[in-house]
């Protein structure tokens, strides 16, 4: 019934390291994901925890605007993904006047929270589309 999105862009965490953390929480309840992120040793877990908290707040605001009931225990992380952002290019001086390139990578992280009935509605429609496309190929 309620779906909320939160994004953070140009965060100074490499996408590979951020994906390790995002994979831990995908499909979990939002409150459980916050508990996992609180104790995760990776440095990317702190900004991702803030992002999940922001998505929960967005869901609360969206539910209040539509005058619908929202239990925060029902929120599930339906989608969570990390895209590559802009890369900062730096140079490190080396021997005999050479320079080595250092790539400081950034990430765009997106978290989508949904209530279970919303989750069933979205996954059911994608399954129907994939089945109909298979039927057309035969």
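The values are calculated or read from the model by the stated rules, or taken from the named source; none is laboratory data. Keep in mind that what you see is a predicted model, and the values were worked out from it rather than measured. Glycine gets a Cβ as well: all are built from the backbone with ideal geometry, and neighbour counts include every protein chain shown.
Side notes on the structure shown:
- Subset of region 79-107 (residues that are touching a strand residue (DSSP E or B) at 6+ places or on another chain (Cβ under 6 Å), closer than 22 Å to residue 37 by Cβ and in a loop (DSSP other than H, G, I, E, B)): 85, 106
- Count of region 49-86 residues which are closer than 13 Å to residue 30 by Cα and at pLDDT 90 or above: 18
- Of the residues making up region 98-118, those that are more than 17 Å from residue 5 (Cβ to Cβ) and modelled with pLDDT of 95 or more are 98, 99, 100, 101, 102, 103, 104, 105, 106.
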